[in-house]
1. Which percent of Cα-Cα pairs in region 348-410 sits in each 10 Å bin, short to long?
2. Evaluated at 20 °C with a viscosity of 1.002 mPa s, what Stokes-Einstein diffusion coefficient in µm²/s does region 370-471 have when Rh comes from the Kirkwood expression over alpha-carbon pairs?
3. Over region 260-301, with a single point scatterer placed on each C-alpha, what log10 of the ratio I(q)/I(0) does the Debye formula yield at q = 0.28 1/Å?
4. Of 219/436; 285/416; 172/436; 172/203, which pairs sit farther than 25 Å apart, going by alpha carbon to alpha carbon?
5. Kindly report, to the nearest 10 Å², the accessible surface of residue 13 as traced by a 1.4 Å probe over protein heavy atoms only.
6. How much net charge surrounds residue 240 when only other residues with a Cβ under 9 Å from its Cβ are counted (Lys, Arg +1; Asp, Glu -1)?
7. Based on the Cβ-Cβ distance of residue 108 and residue 153, what FRET efficiency does E = 1/(1 + (r/R0)^6) give at R0 = 35 Å, to the nearest 0.05?
8. For region 206-221 and region 1-48, write down the distance between their C-alpha centroids in whole Å.
Amino acid sequence: MANLQITYRPLETLIPYARNSRTHSATQIDQIAASIREFGWANPILVDGKNGIIAGHGRLLAARQLGISEVPVIELSHLTEVQKRAYIIADNKLAELAGWDDELLALELGELKTDGFDVDLLGFDAVELDQLLPTVGDEKNQKEASATLAERFLVTPLSVFNAREGWWQQRKQAWFALGLSSEDGRNTNLAYTHTAQPLTVYKARDNYIAKMGRGVSWKEFYEANPEMRVQKGTSIFDPVLCEIVYRWFCPPDGTVLDPFAGGSVRGVVAAMLGRQYVGCDLREKQVQANREQWSEIDSDTHPTPVWHCGDSIKIDQHAKGVQADLVFSCPPYADLEKYSEDPADLSNMSYDDFLNAYREIIRKSVALLKNDRFACFVVGEVRDREGIYRNFIADTIQAFIDAGMHYYNEAILVTKIGSLAMRAGRTFTTSRKLGKTHQNALIFVKGDARRATQACGSVEIDDSLFSEAIN
């Protein structure tokens, strides 16, 4: 075995390996530099006998950042060229194969933090520390550690939200029981006919007809059984999804900006959760209906939602002076639904014109968003007249990127099938089109994601608003 000795060499004489496949982010270099400041230079750079670096590229970059002129090295001149190239990979990969005893690691981290040591210097990111540190410490942290993910965050923070689950539907009905009626102010059958209901509703109507011993209209059936009108006559934003987005991505007392306000749901849910809501909608009838609905729900303890009536292309004027903590909306899906006869309504435009206006609205909305904050748009794909998808989701993502935000998360919202099951077979037989039962919740971040997360604070789940309705 070669006799290895530590020597010191000028930093500028060391030569990085041109084909080094290991990458180092700016954040990691900052962490290495912080570690060197705290602990000193405890791990020499390995060189090949010709000042070529075998291991320590990250330490080299950190030394440059710190302004260090001379660094410790160990020379591995005994390695062949093949061994050197293999060791460069092995040195990085072998370290990844080690694991952690999470219980002991959490204990060590907790004690270090208690002793006043800055655990950020250890190389763990904020999410990893949040997962480890709550296992020790005060009573609140112990409670959080023993809770399930759903108990802590309302729903497990994975990329699929299943709105068909019983608890989700129960919570949705509890929100509606507070007085939500988002279809007010909209055409009665904007997206669905009154008969577009799940099979269970049809069975209930058949039973009601048998009970009455005569024919019964849908109107009469709904008047006698209002709870059976599961699918409203128009598309309504899901209040549970709304609640999740607010609790996860908006500070508890933050301001929400909604450039495509539509119905009342996002405004009412924001207010009931203590967020200030500012929305904009083109239709005066819709805005008035939203305001009237809030006046019936209003509590002095909640901030009043603000709905501006006007063209969203002027969102910078309607919401002038607003510094939003979250941009959140469900935009019109091109011409899928016709909201009004107004030529300025995006749903009346060609797709190209729609997209130009849509991009401008997103750009202006993002400009009103504080730095280090999130945005969320709930969208779905739409087809052209030939049945071909327009790639609307990708267009939305690109619009936010061009506005200066980063594409950060995506969640799939699995929606109820409803009457689609009755229509999917015929549609598939004639066109091979699949029945769509999901939407995409696209999450973007402006600035630094870690600071945006810190601004949101911890996720607090409070059922006091409708505890009687959901229990």
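The values are calculated or read from the model by the stated rules, or taken from the named source; none is laboratory data. What you are looking at is a predicted structure, and each value in this text was computed from that prediction instead of being measured. Because the Cβ atoms are built from the backbone with ideal geometry, glycine has one as well, and the counts that use them run over all protein chains shown. Ligands, DNA and RNA are excluded from the accessible area calculation, which covers all protein heavy atoms including side chains. Shrake-Rupley method; radii C 1.70, N 1.55, O 1.52, S 1.80 Å.
1. 19, 52, 23, 5, 0
2. On the way: Rh = 16.8 Å.
Rounded, D is 127 µm²/s.
3. Relative scattering, expressed as log10 I(q)/I(0), comes to -1.03.
4. Over 25 Å Cα-Cα: 219/436; 285/416.
5. My reading of the accessible area for residue 13 is about 50 Å².
6. In short, 0.
7. Details: r = 27 Å, r/R0 = 0.76.
That pair, residue 108 with residue 153, gives E of 0.85.
8. Rounded to whole Å, the Cα centres lie 80 Å apart.
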